[in-house]
1. Calculate, for the range 40-91, the solvent-accessible area per residue in square angstrom, rolling a 1.4 angstrom probe over the heavy atoms of the protein chains.
2. Please compute the modelled spin-label separation between residue 93 and residue 247, points set 7 Å along Cα→Cβ, answer in nm with one decimal.
3. For the range 197-264, what does the convex hull of the Cα positions come to per residue, in cubic angstrom?
4. From the alpha carbon gyration tensor of the range 1-125, can you work out the equivalent ellipsoid semi-axes (sqrt of 5 times each eigenvalue) and give them in Å, largest to smallest?
5. Based on DSSP H assignment, which helices of the chain show an axial Cα extent of at least 20 Å together with a mean Kyte-Doolittle hydropathy greater than or equal to 0.0?
6. Roughly speaking, what is the stretch gain from residue 239 to residue 284, that is 0.36 nm per residue apart minus the C-alpha to C-alpha distance, in nm to one decimal?
7. At 7 Å along the Cα-to-beta-carbon direction for both residue 33 and residue 360, put a label point, then send me their distance in nm to one decimal.
8. Send over a whole-number figure in Å² for the accessible area per residue of the range 336-429, probe 1.4 Å.
Amino acid sequence: MAFTINKGTGHLSRLIIRRDRIRIPLWVIGICSFTFMVPIAFKELYGSQEKRDVMAQTMENPAMIAMVGPADLSNYNLGVMTAHQMLLLTAVVVGLMSVLLVTRHTRGDEENGRVEMIRSLPVRRISTLNAVLLVNASTNILLAFLVGLGLYALNIESMNIEGSLLYGASLGATGIFFVGITAVFGQLFESSRGVTGFSITVLLIAYIVRGIGDISNEVLSWISPLGWVTKTGVYDENNWWPIVGLIGVSIILFIIANYLHAIRDLEAGILPSRPGRKSASVILQNPIGLEFRLQRTGMISWAIGMFAIGASYGSVLGDLDSFFAGNDMMKQLFTAKEGYSVTMQFVSMIMMVMAILATVPAVMAMNKLYGEEKKGRSEHLLGRVVSRTRLMGSFLIISVINGFVMLSLAAIGLWTASVSVMEEPYSLGTVYGMGLIYYPAMLVMIGVAVLLIGYRPRITSFIWLYVVYSFIVLYMGGLFQFSEWIGKLSPFGHIPQIPLEDMTWMPIIMLISIAAAVTVVGFIGYNRRDMGR
């Protein structure tokens, strides 16, 4: 079954664009903005070739190669540096964007009954899937052009037009590839949770396989689609063939998805679901056990990821003091504190960044409550002996535990890797304490999510703007000389950076009190409002 465009596909494409008129622009603008900020910052931080060569020596670390991929470190100009350190990680984000957008309009719409309603109209059977493929492929193509032309417009000497367009094409091709992967999984599995889970698993496996291949066996890198991205040699050799290969494989995936979509029944998957048990286990007979069961796959994936991120940062601590020596611009990112090494200041800053990142799965776990409500599943529980307070409390407990576990694993991962590379490593208690101090700020973020679910559930997504704001103003605040009050608007801005600053308990007590108060108000709103409103 070929990929075709007809009248029904055009109408449905416009419907998808109408529904995602905010979501798609936010993704595109966010990715473009971050992409353009990096080379501008690099130009200020590494204005001379000498400074870039020092960075190149640091990037020869096998751990860094596994994280961001290989590059020509002998020709480490601003263009090569930008592509080396940012292209692969940005490609992962673009892949995630495609996974979430495609799942929403394929298996997600089937679960919500939208596809059944659309099929009652005079449209072809495959029009719904082709509309999703068309819109999301076009979104990635638009992203590719905006990134490519935007990078060239920065007018940085080493970032020529061909390299800039190749940078954008690499992101676009990666996104289109994962559009195809997710579309195929949308035909194989019956639930949106399964489609999202398996698609993200492929994304993570592709990243891991590429990392192993880059430091041990180059053949493994070619197995991974992300490995093809690193083989483009953006701003260096500018190899377009990996992009052609990604597009070719994507077209094959589109055809396979169309064929599977045409032969399967609505709301059914090609792979049959495993029959469930005749009776629920003891764990599933209460709301908190049920919610843990629903979220355990995502929690395990995030746990592995947080530990890996912590270990990645810990693996470079042995070279930091020599790297930052003489780099005055880079030191502006960290708090100047007499008696403490730059490495200690770096660890303090990174623990804050990882704490903000660990907030993401915790808030996702809380927002799952509204997701279940939108799908009509909460009514099945509330129609029994389960109260609204107990239901929301179950999600809250999962969220609070989730955040604690993620923050702990990030700190432990950083300490574990640092022990093997530092001559005088920090103790586990020191590193763990530097991370755990941010837990009250995380509780405030969870409390805000509870408040939104209780009173304005349709705008729960705005919590992510608050998380992104916290990251930008606190991580980049020293570089851009933001006023102190701007950082204080985030709960993370009130946490003392231990051990660089003296421990003060008043901000901790205030944050815990605010988190408790906001959470209680959210519970009150949830108990009073109508379901679905």
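1. Values: 2030 Å² over 52 residues.
Here the per-residue accessible area is 39 Å².
2. 2.5 nm
3. On the way: hull volume 6.6 nm³, N = 68.
Spread over its residues, the Cα hull of the range 197-264 gives 96 Å³ apiece.
4. Details: eigenvalues 391, 44, 29 Å².
Square roots of five times the eigenvalues give 44, 15, 12 Å.
5. Numbers: long enough: 23-45 (33 Å, 1.33); 88-105 (26 Å, 1.86); 127-153 (38 Å, 1.55); 161-188 (41 Å, 1.33); 192-215 (35 Å, 1.20); 241-263 (34 Å, 1.98); 287-314 (38 Å, 0.58); 342-374 (48 Å, 1.02); 388-421 (50 Å, 1.43); 439-455 (24 Å, 2.08); 505-528 (35 Å, 1.53).
The qualifying helices are 23-45, 88-105, 127-153, 161-188, 192-215, 241-263, 287-314, 342-374, 388-421, 439-455, 505-528.
6. Values: separation 45, 0.36 × 45 = 16.20 nm, distance 5.28 nm.
Taking residue 239 through residue 284 to full extension adds about 10.9 nm, to one decimal.
7. Once both label points are built, they end up 1.6 nm from each other.
8. Numbers: 4010 Å² over 94 residues.
Here the per-residue accessible area is 43 Å².
The values are calculated or read from the model by the stated rules, or taken from the named source; none is laboratory data. Small disclaimer: the values here were computed from a predicted structure and weren't measured. Positions of Cβ are backbone-derived with ideal geometry, glycine not excepted, and every protein chain shown enters the neighbour counts. Please note that ligands, DNA and RNA were not included when accessible areas were found on the heavy atoms of the full protein model with its side chains. Shrake-Rupley method; radii C 1.70, N 1.55, O 1.52, S 1.80 Å.
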